[in-house]
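Everything below concerns the one structure shown next.
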Amino acid sequence: MLVIAVTGGIGSGKSTVAELFKEKGIPIIDTDQISRELVQPGSPLLQQIISEFGQEYLDAKGHLKRKDLGRLIFANTSARDKLENLLHPAIHSEVVKRLKKISSPYCLILIPLLARSKQLYPYDRILVVDTPPDLQIQRTTTRDHLDPDYVRQIIATQPSRDDLLELADDVLDNSGDHNILKAAVDRIHQQYLELAKQRS
Ligand code: ADP
């Protein structure tokens, strides 16, 4: 099976793109969703995170305070590395487990932080969802009701647009409207089916 890693900055349109592929019956493995599942109350990974970062990151019901932890790691790269070192191996084994269960010409793995964990995940090609930063900021502030300056700071901590484009085997330009994006997904879907056929 052909495995496509999908990445891009915050608000670039990764989830939107994933939804369009899903409508075509393509299986999606979402590492963000896996990371949320892995830190459910009482999980061993959550315990490790709390012993590393402190009880203040647990709420009264035993849930991880993801937003608070998110704020900490934006301001502190060594904390970010510690958290990612805890998360990535656990996410990786879950990804491998799910890949084994999939039967499809190709599938997508959504990996927002791929640029920082390139060697960790199994994939054949990298698809970058590319959106100009101004649009990323506009779409993220509308989606999450965040302050534009905060979104700018998040973007500054993420791999740059040039770095992502350098990594890419394929690029989905998401600077247009939904119809333009849908047409681009249609085209790349055909290319992936063709590539998958050539490999089999
Ligand atoms: P990501 O998963 O990369 O953070 P999303 O897919 O959630 O990004 O997209 C961010 C926001 O922008 C969402 O509210 C989404 O509906 C919107 N969006 C995505 N692509 C487009 C587009 N081509 N035109 C208009 N809005 C878009």
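Summed over the stretch 39-74, residues that are under 20 Å from the mean Cα position of the chain (by Cα) and among the small types (G, A, S) total 1. For the stretch 119-133, the condition of being surrounded by fewer than 16 Cβ atoms within 10 Å (Cβ to Cβ) and under 16 Å from I10 (Cα atoms) holds for at least one residue. Scanning the stretch 1-51 for residues that are within 16 Å of the ligand (Cβ to nearest atom) and among the charged types (D, E, K, R) turns up K14, E19, K22, E23, D30, D32, R36. Only a single item in (1) within 22 Å of G70 (Cα to Cα); (2) surrounded by fewer than 15 Cβ atoms within 10 Å (Cβ to Cβ); (3) in contact (Cβ under 8 Å) with a residue 24 or more places away in the chain; (4) not acidic (D, E) is not met by A156, and it is number (3).
Residue pairs whose Cβ atoms lie under 6 Å apart, separated by 6 or more positions or on different chains, with the first residue in the stretch 102-121 and under 26 Å from S200 (Cβ atoms) and at pLDDT 80 or above and the second charged (D, E, K, R) and within 16 Å of the ligand (Cβ to nearest atom), are L110/K14; L110/D30. Considering the conditions (1) more than 16 Å from the ligand (Cβ to nearest atom); (2) under 19 Å from the mean Cα position of the chain (by Cα); (3) basic (K, R), R152 is excluded by exactly one of them, (1). Restricting attention to the stretch 159-178 and to residues that are in a helix (DSSP H, G or I) and away from the ligand (no atom under 15 Å from the Cβ), the residue that is surrounded by the fewest Cβ atoms within 10 Å (Cβ to Cβ) turns out to be D162.
Take L181 and tell me if it is surrounded by fewer than 17 Cβ atoms within 10 Å (Cβ to Cβ), within 16 Å of the ligand (Cβ to nearest atom) and not acidic (D, E).
Values: surrounded by fewer than 17 Cβ atoms within 10 Å (Cβ to Cβ): no; within 16 Å of the ligand (Cβ to nearest atom): yes; not acidic (D, E): yes.
No: the conditions fail for L181.
A single entry from S93, S103 fulfils the requirement of being among the hydroxyl-bearing types (S, T, Y), out of contact with any strand residue (DSSP E or B) (no Cβ under 9 Å at 6 or more places or on another chain) and not in a helix (DSSP H, G or I): S103.
The values are calculated or read from the model by the stated rules, or taken from the named source; none is laboratory data. Note that the structure is a prediction, hence the values are computed from the model and not measured. Cβ: placed from backbone, ideal geometry, glycine included. Neighbour counts: every protein chain shown.
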